[in-house]
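The block underneath contains the structure these notes are about, expressed in structure tokens.
Just so it is clear, none of the values below were taken in a lab; they were calculated from the coordinates. From a predicted model like this one, the values you see are computed outputs, not experimental measurements. Every residue, glycine as well, gets a Cβ built from its backbone with ideal geometry; the counts of neighbours run over all protein chains shown.
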Amino acid sequence: MVEWTEFERATIQDIFSKMNYDVVGPQALARCIIVYPWTQRYFGNFGNLYNAAAIMGNPMVAAHGKVVLHGLDRAVKNMDNIKATYAELSVLHSEKLHVDPDNFRLLADCLTVVVAGQLGSSFTPEVQAAFQKFIAVVISALGRQYH
Amino acid sequence: MVEWSASERNTIANVWGKINVDEIGPQALARVLIVYPWTQRYFGTFGNLSSAAAIQGNPKVAKHGKTVLNALEKAVKNLDDIKGTYFQLSQLHCEKLNVDPDNFRLLADCLTIVIATKFGPAFNPAVQATWQKLLSVVVSALTSGYF
């Protein structure tokens, strides 16, 4: 089981309680699709993903970004059992959606960049370390059911 | 050879022009040592790296951070031959310093995050994509002398 310090728990709760999901989710997903264009293969029915402006204005990208970010809530509320929390989502991503698990890291990196941009100097190295640990545990849980 | 559009060249010059190397270099290196603690093995002679505060206040970390970021300028000023530009540095890192090349990506990621915290929304998706392209070319060039 993953051990969390008080600082790490408080940091994660703090970041997510202040997060504007409707802004951060769409931005993170849009950046993922823009910075790592091969990820567009997963969104064939999303319409116009032709360039950065199209992606950023695309309503399906925005809607899905919110869905994904709200999915992170479950981990925020169940930090002591993230693996079990995501067992079903892991099966979904592997068996139904056929998502290469490397992509979880790409989306996580984009989410980190968005959060860093929003928090500015309060995204200190210690806060970054706690956030990236949380994300790494989520990614590991999502990849769990693949093998 | 890597192709750079006029817009990418402008973006890179723009971002670089706004970066304070003496500030950003130390921050990026400190974050690597804090967020990915195993990297401390490369800095055995740096003294006190026992906590995030110690790392952030460590003068050798600061000095080395500036050295590393100043070296990035070579790429910014030689976009059309980054590989040639870094050939000797690549050999140095491999044969003399014995740095695992995976670590270049970690430093690149931390550098991107520091820039995101400084630039906020100005580090938009298109700028992020260009910046990450530059860093991945640099990482590739630094790795190219290894094999």
*Per residue of region A:83-97, in order, report the coupling 6.51 cos²θ - 1.76 cosθ + 1.60 (Karplus, θ = phi - 60°) as ³J(HN,Hα) in whole Hz, putting x for Gly and Pro.*
4, 5, 4, 9, 4, 5, 5, 5, 4, 4, 5, 7, 8, 9, 8
*Candidates A:Leu92, A:Leu111, A:Leu69, ranked by Gaussian network fluctuation over chain A, Cα under 10 Å, top entry*: A:Leu92
*Please determine, in degrees from 0 to 90 and to the nearest 10, the orientation of helix B:21-35 with respect to the longest principal axis defined by the Cα atoms of chain B, where the helix direction is its Cα long axis.*
60 degrees
*Can you work out ³J(HN,Hα) from phi for every residue in region A:117-133, in order, using Karplus 6.51 cos²θ - 1.76 cosθ + 1.60 and θ = phi - 60°, giving whole Hz and x for Gly and Pro?*
x, 6, 7, x, 5, 7, 7, 6, x, 5, 5, 4, 4, 5, 5, 5, 5
*Using alpha-carbon positions, what is the distance between the centroids of region B:78-135 and region A:109-130, in Å?*
18 Å
*Mind checking which of A:Ile82, A:Asn20, B:Val137 is farthest towards the positive end of the protein assembly as shown's charge dipole, using Cβ charges of +1 (Lys, Arg) and -1 (Asp, Glu) about the Cα centre?*
B:Val137
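Give me A:Met19, A:Met60, A:Met1 ranked fewest to most by other Cβ atoms within 10 Å of their Cβ, as a rough exposure proxy. Please report the intermediate quantities before stating the final value.
Numbers: A:Met19 19, A:Met60 14, A:Met1 7.
If I rank by nearby Cβ atoms, fewest first, I get A:Met1, A:Met60, A:Met19.
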*asked:* For a test of understanding, tell me how many lysine pairs in region B:6-143 have Cα atoms under 14 Å apart, given they are 8 or more places apart or on different chains.
replied: 4
*Have a look at B:Ile55, B:Leu106, B:Ala71 and report the one farthest towards the positive end of the charge dipole of region B:13-106, computed about the Cα centre with Cβ charges (Lys/Arg +1, Asp/Glu -1).*
B:Ile55
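Taking 41 Å as R0, compute the FRET efficiency from the Cβ-Cβ separation of B:Trp16 and A:Asn81 and round it to 0.05. Write down the numbers at each step before the final one.
On the way: r = 45 Å, r/R0 = 1.10.
Efficiency computed from Cβ-Cβ geometry: 0.35.
Looking at region A:1-66, which chymotrypsin sites (Phe, Trp or Tyr not before Pro) are in a loop (DSSP not H, G, I, E or B) and have at most 15 other Cβ atoms within 10 Å? Walk me through the intermediate numbers first.
Details: sites: A:Trp4, A:Phe7, A:Phe16, A:Tyr21, A:Trp38, A:Tyr42, A:Phe43, A:Phe46, A:Tyr50; in loops: A:Trp4, A:Phe46, A:Tyr50.
Loop-located and lightly packed - A:Tyr50.
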*Computed E for B:Gln91/B:Thr67 - FRET, C-beta separation, R0 25 angstrom, nearest 0.05*: 0.90
*On a 0 to 90° scale, report how tilted helix B:125-144 is relative to the longest principal axis of chain B, with both axes built from alpha carbons and the result rounded to the nearest 10.*
70 degrees
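Which chymotrypsin sites (Phe, Trp or Tyr not before Pro) in region B:53-113 sit in a loop by DSSP (not H, G, I, E or B) and have at most 14 other Cβ atoms within 10 Å of their own Cβ?
Values: sites: B:Tyr86, B:Phe87, B:Phe104; in loops: B:Tyr86.
Qualifying residues, ordered by number: none.
Given N residues in region B:6-143, what is its alpha carbon radius of gyration divided by 2.2 N^0.38 Å? Please report the intermediate quantities before stating the final value.
Numbers: Rg = 14.7 Å, N = 138, 2.2 N^0.38 = 14.3 Å.
Rg over 2.2 N^0.38 Å, computed on Cα atoms: 1.03.
Which FRET efficiency value, to the nearest 0.05, do you get for A:Met1 and A:His70 by plugging their Cβ-Cβ distance into 1/(1 + (r/R0)^6) with R0 = 25 Å? Before the final figure, lay out the partial values.
Working: r = 25 Å, r/R0 = 0.98.
Approximately 0.50, to the nearest 0.05.
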*J(HN,Hα) series, region A:30-45, from Karplus relation 6.51 cos²θ - 1.76 cosθ + 1.60, nearest Hz, glycine and proline x*: 4, 4, 4, 5, 7, 6, 10, x, 5, 5, 5, 4, 7, 10, x, 9
*Take A:Ser122, project a point 7 Å from its Cα along the Cβ direction, then tell me which residues of region A:22-61 have their backbone nitrogen under 18 Å from it.*
A:22-25
*asked:* Below 8 Å between Cα atoms, with a sequence gap of 6+, how large is the relative contact order for region A:6-143 in percent?
replied: 34 percent
*GNM, chain A, Cα, under 10 Å: largest mean-square fluctuation among A:Leu29, A:Leu107, A:Leu119?*
A:Leu119
